[in-house]
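So the structure is just underneath, and the comments pick up after that.
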Amino acid sequence: MRSTDQTMNLFEEFFKIAQVFEQSGIQYAVIGGVALAFHDQPRLTRDIDLLISPEDFEGVKSALESLGYFESAKPWTFRNTSLTLHRFMKTEGEDHLLVDILFGREDRYQEITRNAHVENSEFGPVRVATRGDIIQLKKMRSSQQDQVDIRRLQNDPD
């Protein structure tokens, strides 16, 4: 049992999720801050962002619930895109961790999950969106953090 002064480890949680997704045959691509670490551009992040195929959503929801996550907000769709976000949360004591599940019905989003390359980690395989696909997604959202991430990814090509 964890004491209340310990926090959940984002990467431990991420690898647990990846293992369950792999075991369940769920097609996904890691995007966002965790994906940047796999592209040698680590930065502080407080959530896990995963792009999935829409038909996998019920399996994803079930997998996350089996790990103690619950859907914590109503889903929403980003402006000027067909991307829908479902936010899940896990709490331990006063600590919490967010997992954002995104999917779009357009072929370009399906292609990103199909293009994801498999990274072999000490915890098993992880499917990571390509550098170009991450840049494409970040250009659509275009927040200040996204702009910084794009510059970093473009200045250090694979």
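The values are calculated or read from the model by the stated rules, or taken from the named source; none is laboratory data. Just so you know, these numbers come straight off a predicted model, no measurement behind them. Positions of Cβ are generated from backbone atoms using ideal geometry, with glycine treated the same way; all protein chains shown enter the neighbour counts. Calculation scope for accessible area: heavy atoms of the full protein, side chains included, ligands and nucleic acids excluded. Shrake-Rupley method; radii C 1.70, N 1.55, O 1.52, S 1.80 Å.
For region 103-156, just say rounded, prolate or oblate: build the C-alpha gyration tensor, square-root its eigenvalues into a ≥ b ≥ c, call rounded for a/c under 1.5, and beyond that prolate if a/b exceeds b/c, oblate if not.
Oblate, since a/c reaches 1.5 and b/c is not below a/b.
What angle, in degrees between 0 and 90 and rounded to the nearest 10, separates the Cα long axis of helix 10-24 from the longest principal axis of the Cα atoms of the chain?
Compared with the principal axis, the helix lies near 80 degrees.
How would you classify region 62-141 from its alpha-carbon gyration tensor, with a ≥ b ≥ c the square roots of the eigenvalues: rounded for a/c under 1.5, else prolate if a/b is greater than b/c, otherwise oblate?
Values: a/c = 2.17, a/b = 1.23, b/c = 1.77.
Judged from the Cα gyration tensor, region 62-141 comes out oblate (a/c at least 1.5, b/c at or above a/b).
Just to be sure I understand the model, the point goes 7 Å from the Cα along the line to the Cβ. What's the resulting S142 to R105 distance in nm?
2.5
So, with a 1.4 angstrom probe, what is the percent of accessible area on the chain that is carbon and sulfur?
On the way: 3970 of 8620 Å².
The computed percentage sits at 46.
For the chain, what is the calculated [θ] at 222 nm in deg cm²/dmol (nearest 500), taking -39500 (n - 2.57) for each run of four or more DSSP H residues and dividing by its residue count?
Values: 6 runs with 64 residues, N = 158.
When only DSSP H runs of four or more count, the value is -12000 deg cm²/dmol.
Which order do H86, H117 take when ranked by solvent-accessible area (1.4 Å probe, heavy atoms of all protein chains), largest first?
Numbers: H86 20, H117 55 Å².
Descending order: H117, H86.
Once you have the Cα-Cα distance between R79 and N120, take 0.36 nm times their residue separation minus that, and quote the gain in nm to one decimal. Walk me through the numbers on the way to the answer.
Working: separation 41, 0.36 × 41 = 14.76 nm, distance 3.47 nm.
Additional length available on full extension: 11.3 nm.
Can you give the longest stretch of the chain with no exposed loop site, where a site means chymotrypsin sites (Phe, Trp or Tyr not before Pro) in a DSSP loop (not H, G, I, E or B) with at most 15 other C-beta atoms within 10 Å?
Details: sites that count: F78, F123.
In the chain, the maximal stretch lacking such sites is 1-77.
Filter the GluC sites (Glu not before Pro) in region 70-148 to those in DSSP coil with at most 13 other Cβ atoms within 10 Å of their Cβ, and list the result.
On the way: sites: E71, E92, E94, E106, E111, E119, E122; in loops: E94, E106, E122.
Qualifying residues, ordered by number: E94, E106, E122.
With Kirkwood radius over Cα pairs in Å defined as stated, name the option among (1) 20.0; (2) 17.9; (3) 16.0 computed from the structure displayed.
For Kirkwood radius over Cα pairs in Å, the calculated option is (3).
How about region 83-158: which trypsin sites (Lys or Arg not before Pro) there lie in a loop by DSSP and see at most 12 other Cβ atoms within 10 Å? Display every interim value, and only then the final one.
Details: sites: R87, K90, R105, R108, R114, R127, R131, K138, K139, R141, R151, R152; in loops: R105.
Answer by residue number: R105.
Against the longest alpha carbon principal axis of the chain, how many degrees, from 0 to 90 and to the nearest 10, is the axis of helix 57-66 turned?
30
Over region 11-75, average the accessible area per residue using a 1.4 Å probe and give it in Å², no decimals.
45
Going by the alpha-carbon gyration tensor, a ≥ b ≥ c the square roots of its eigenvalues, is region 3-74 rounded (a/c under 1.5) or, if a/c is not under 1.5, prolate (a/b greater than b/c) versus oblate?
oblate
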